Amino acid sequence: LLLTQYTGQEEAIFGVTVSGRPTDLEDAESKVGLFINTLPLRAKYSQDQSIRDWLQELQQGHIASREYQYTALNQIQRWSTVQGDLFDSILVFENYPIGETLEQDRGLEISSDQTQDQANYLFSIDASLQEDLSLNFLYNADLLEDQYVAMIKRHFEATILNILEGFAKNAAVKLADISI
């Protein structure tokens, strides 16, 4: 929603990270390595669309894209009619309970959960769900100034709150009623 507002376009394409071992891969449980890919997700914006319908459309698009979760991004780029990069912003949702799993199964304790990430994209939102929802905003500081990231963060928080409040009041609330 914010990308469409910032660009003035009726649609935005951003990357979403998917991970998981293919069920049809022989001996998948014995393979070493990460099975992670970033796929393009198209979010269309229509002011007269309800929040409910828009969120359902996004979810269906994400589910449909999973068919290509093991396809190389450069192959998807070749299939696309988009010239240049497919996207320069990504959303990563990490939903695995690392600390809890390690402590229960192995008796290990994690003393620090901080990581140092390199921003390979202009802008990334890294969301993780443990006891609370945590959002990290990563960006290429050579291309995006701190003040703009702070503004995006404020807009993101306000928009999420507006969407949740609007949805709680009435799921048929239109996207046009959501302001940043």
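The values are calculated or read from the model by the stated rules, or taken from the named source; none is laboratory data. In this text, all values refer to a predicted model and were calculated from it rather than measured experimentally. Using ideal geometry, Cβ is built from the backbone for each residue, glycine included, and neighbour counts are taken over all protein chains shown. Ligands, DNA and RNA are stripped out before the accessible areas are found, and what is left, the full protein with its side chains, is counted by its heavy atoms. Shrake-Rupley method; radii C 1.70, N 1.55, O 1.52, S 1.80 Å.
Among residues other than Ala43 whose Cβ falls under 12 Å from its Cβ, what is the net charge (Lys/Arg +1, Asp/Glu -1)?
Net local charge, Ala43 excluded: -1.
Would you mind calculating the gained length between Gln56 and Glu165 on full extension (0.36 nm times residue separation, minus the Cα-Cα distance), in nm to one decimal?
Working it through step by step, the gained length comes to 37.5 nm.
In terms of the Cα gyration tensor, with a ≥ b ≥ c the square roots of its eigenvalues, is segment 46-91 rounded because a/c is under 1.5, prolate because a/b exceeds b/c, or oblate?
Prolate.
Give me the extension gain from Ala176 to Phe137: residue separation times 0.36 nm, minus the current Cα-Cα distance, reported in nm with one decimal.
11.5 nm
Please give the peptides 28-34, 69-75 ranked by average Cβ packing (other Cβ atoms within 10 Å per residue), highest first, as a rough proxy for protection.
Ranking the peptides 28-34, 69-75 by packing returns 69-75, 28-34.
If the chain between Gln49 and Phe156 were fully stretched, how many nm would it gain, using 0.36 nm times the residue separation less the Cα-Cα distance?
36.6 nm
Which whole-number value in Å² is the accessible area per residue of segment 54-93, probe 1.4 Å?
Dividing the accessible area of segment 54-93 by its residue count gives 69 Å².
Once amide H atoms are built 1.01 Å from N in the peptide plane, which residues 5 or more positions from Phe93, or in another chain, come under 5 Å H to H?
Under 5 Å from the amide H of Phe93 lie the amide H atoms of Thr17, Ala127, each far enough along the sequence or on another chain.
If you take the beta carbon distance between Glu29 and Gln77 as r and set R0 to 25 Å, what does 1/(1 + (r/R0)^6) give as a FRET efficiency, to the nearest 0.05?
The formula returns an efficiency of 0.20 here.
Given a Förster radius of 30 Å and the C-beta distance between Gln9 and Ile36 as r, what FRET efficiency does 1/(1 + (r/R0)^6) yield to the nearest 0.05?
Efficiency, rounded to the nearest 0.05: 0.60.
What is the distance in Å between the Cα centres of segment 132-159 and segment 1-72?
20 Å
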